[in-house]
Amino acid sequence: MKQIIEKMTIDEKVEFSSGKDFWHTKEIHSCNVPSLMMADGPHGLRKQEDSTDMLGINKSVPATCFPTAVTSACSWDRELLRLEGEAIAKEALANGVGIVLGPGANIKRHPLCGRNFEYFSEDPYLTGELAKSHIQGIESTGCGSSLKHFAFNNQEYKRFSSDSIMDERAMREIYLSGFEKAVKEGKPSTVMCAYNKINGVHCSDSKFLLTDVLRNEWEFDGMVVTDWGALNNRVKGFEAGCDLCMPGGSAFMEKETVQAVKDGKLSEEYINASAYRILKAVLNGHKAIEGAEAVDLEKHDQLAHRIASESAVLLKNSSHVLPLSSKEKIIFVGDMAQNIRYQGAGSSHINPWKLTSVTDALPEVPFVQGCLSDGSTNDELLREIKDKCSSADKVVVFAGLTPKDESEGFDREHMDMPSGHLKMIETACSVNSNVIVILMCGSVVELPWIDQVKGLIYMGLAGQSMGSAVKAILYGTVNPSGKLAETWPIKKEDCICNSFYSAGRKNAQYRESIYVGYRYYSTVHVPVRFPFGYGLSYTTFDYSNLSIEENRVSCTITNTGNRAGKEVVQLYIEPVDAEVWRPAKELKHFEKVELMPGESKQVAFMLEDRDFAIWDDGWKVVSGNYKISIGYNCNDIILHETIKKAGVSIDELSKKITNAPAWYTTLKGIPEQSDLESLIDKKINEDVLRKGSFTMDNTVMEMKDYSLMMKIMYKAVESTVAKGFGGKVDYNNPEFRMMMCSAADASLTGMKISGAMNNHVLEGMLEMANGHYLRGLLTMMK
């Protein structure tokens, strides 16, 4: 491969480092280097052959739609994630796609993130284990994977231009840790860098992120590709270790880069290294495509069914209302029984070759619509619920979130379910005492009706075979074994970062540091609706015989019920006499085991120093006592034993650890901006929108209220987007809203890369937005 790189001219190498079009790398004819296609996505192939976009609006080829990560993560099953990755890769290769853009390993910092359905967990260890397994499945076929979005991208609001501001412990212990495991053990062919900045530096420009951490510390030897339009500066990107700019077609900063080399401002070796890594990915991808085999889609549908079934979480089962019996008179309520919500909106949107709704899987069960597809209801529909449900033995209500409630491109404003769904559940409960709710949603919702229902199953967004999976769970042919991969708070205000998260604040201040999800709730003893790792079964399990010998921890799990079942054994480490600020407990190991009635198995884990470590300019174990805890979930610990662990003393830690602001040691109240500033030893200057100071980092949406030119531009974008929706401007339509956020709220640099407008026109418009009208006109005339 080095010989091929040596044959390329400097112009060819720079061109090679930008895509050919929306989905392909650029071919180099003089060196017989072919173009390679890549495609989304995390839970199924989204290959667009005609009209292309990055948001899943245009049609893609039929493919298997597996459960999204919010569902598959609840399986806590490494092997299932590996099989899913393998199946997606096989479909990709059969369709001439050499790189699959997934999985996503971003942490769920807050339930309101609009893209939470694409991510695994609030916990970095669980995230890393599942992402690693998914990657291993993809890579086993020869197809390349692309681990994303690297890194610190935990909100959709202003995702193209926001700055994630955080301390080193939050970076290392929470937001990089899952990526680290996925890179080191999964070994992806590519990593996708995110849009946002980290502490003031764009991810695509960050040598710290892409070279110091990713390549030098983690020994990643693959290609770094930008998210679509995420490159900030081509010269800085090469120096940082950012290889491929996508999408292609705009020749963004190619001339400037070549000139920088000629002027001695950029070493050609950076470009050589990037070209080599891209070439390796391209040739490996083509080799895999050449060996592609025919795909058994029916087998993949069966796998999608299995993943959905084993990821379903039984959250409530009062009076053993479940499983259902074929002898009982059952009635289904809710539009989602026939129009299932099985995936999220955005770049991961799959065109399923097959789709099984609940009413398809159980056509013999009477069905009442209950609500409309938009989540609303009316008196007539509610009357029908009263009329039909009062005489049933049991009522199963299908509810959750509609597509307009959550999507890539924007964050949710609340955790409420649609009002029509609430009325539907309340009406069913008013006439029947045996109501079971099936939730279809990509993130946490508030449950004001929880005490009125007897059964609750969380399906998430469970893919094309959701209908058959629901049937299997309801009637007990599959015993539910899913466990929540994130905490369900009672209300959004219980989230420690709620008051300073997302909307209204361009930059993301991670004031809470390492206290994310259960790490906060468990430490402060905040009551939650359902704790991290929670999930019931139709059988029961007993834990016994905890044994700790040196680094080996073991215990016995026994199925004490009368049904076969699976249990996720979870091991947490709790510092007993910690002199440094840290969470009360953290997940460090888990294993899913299957047991027949009466059967016992021993489960063993090997502890490592890293399990006890914190970040302090490196991983350090603080000497002290630690409780090794094993249980059903993070709040329900059954077995525990305290051990002594040798390490550094408190005196050997830096002042960043020992002299942290008071909030991090007391966790009283809400952390202030000043707490974070003290933690990072830096003043935070929030971006202030002001005419005369706009840059290419700003967006049309941001500048429209300060510039007539940008207001005109915004209206033009709105009109153009509306053409794809029958000429209607409809911000209640999630696809329209997502398109507007992605077009009008993308940075001007991103618009350059996407080829939306001529470079000089955009630069001229920026001058005019800053009040320099003549200079802007002259720039445009270029």
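Can you name the residue in segment 360-388 that is under 25 Å from GLN343 (Cα atoms) and β-branched (Val, Ile, Thr) and is also surrounded by the fewest Cβ atoms within 10 Å (Cβ to Cβ) among such residues? Result: VAL365. Can you pull out the residues in segment 337-359 that are among the β-branched types (Val, Ile, Thr) and either surrounded by 24 or more Cβ atoms within 10 Å (Cβ to Cβ) or on the phi > 0 side of the Ramachandran plot (or both)? Answer for segment 337-359, where residues must be among the β-branched types (Val, Ile, Thr) and either surrounded by 24 or more Cβ atoms within 10 Å (Cβ to Cβ) or on the phi > 0 side of the Ramachandran plot (or both): ILE340, ILE350, VAL358.
Is it the case that ILE614 is open to solvent by less than 10 Å² (accessible area, probe 1.4 Å), farther than 21 Å from GLY533 by Cα and among the aliphatic types (A, V, I, L, M)? So ILE614 passes the test.
In segment 483-512, what count of residues is obtained for those that are among the basic types (Lys, Arg) and buried (at least 22 other Cβ atoms within 10 Å of the Cβ)?
Qualifying residue count, segment 483-512: 2.
Suppose we filter ASN284, ASN272, ASN317 for residues that are touching a residue at least 40 places away in the same chain (Cβ under 8 Å) and open to solvent by 40 Å² or more (accessible area, probe 1.4 Å); which single one remains? Among ASN284, ASN272, ASN317, only ASN284 is touching a residue at least 40 places away in the same chain (Cβ under 8 Å) and open to solvent by 40 Å² or more (accessible area, probe 1.4 Å). Screening GLY409 with (1) within 31 Å of the chain's Cα centre (by Cα); (2) open to solvent by less than 40 Å² (accessible area, probe 1.4 Å); (3) more than 24 Å from LYS492 (Cβ to Cβ) gives one miss only, at (3). Taking the conditions (1) out of contact with any strand residue (DSSP E or B) (no Cβ under 7 Å at 6 or more places or on another chain); (2) closer than 18 Å to VAL453 by Cα; (3) crowded, with 23+ Cβ neighbours inside 10 Å in turn, GLY334 satisfies each one other than (1).
Consider segment 34-46 and keep the residues that are at pLDDT 95 or above and open to solvent by 10 Å² or more (accessible area, probe 1.4 Å). The one that is nearest to the chain's Cα centre (by Cα) is MET37.
To keep it simple, each residue is scored yes or no on (1) among the small types (Gly, Ala, Ser); (2) over 30 Å from ASP616 (Cα atoms).
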position	(1), (2)
LEU639	no, yes
ILE643	no, no
ALA660	yes, no
LEU667	no, no
MET709	no, yes
ALA716	yes, yes
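The residues of segment 750-782 that are among the β-branched types (Val, Ile, Thr) and closer than 12 Å to PHE252 by Cβ amount to a single one, ILE753.
Looking at ARG277, ARG306, ARG341 in this structure, which one is of a type in the set (D, E, K, R), in a helix (DSSP H, G or I) and farther than 30 Å from LYS7 by Cβ?
ARG306
Given the residues LEU676, LEU689, which is the only one that is among the hydrophobic types (A, V, I, L, M, F, W, C) and in contact with a Lys or Arg (Cβ under 8 Å, 6 or more places away or on another chain)?
When all the criteria are applied, what remains is LEU676.
Out of all the residues in segment 757-775, is one or more part of a helix (DSSP H, G or I), within 27 Å of the chain's Cα centre (by Cα) and not polar (S, T, N, Q)? No, segment 757-775 contains no residue that is part of a helix (DSSP H, G or I), within 27 Å of the chain's Cα centre (by Cα) and not polar (S, T, N, Q).
The values are calculated or read from the model by the stated rules, or taken from the named source; none is laboratory data. This is a predicted model, so every value here is computed, not measured. Because the Cβ atoms are built from the backbone with ideal geometry, glycine has one as well, and the counts that use them run over all protein chains shown. Protein only, heavy atoms only, side chains kept; ligands, DNA and RNA dropped before computing areas. Shrake-Rupley method; radii C 1.70, N 1.55, O 1.52, S 1.80 Å.
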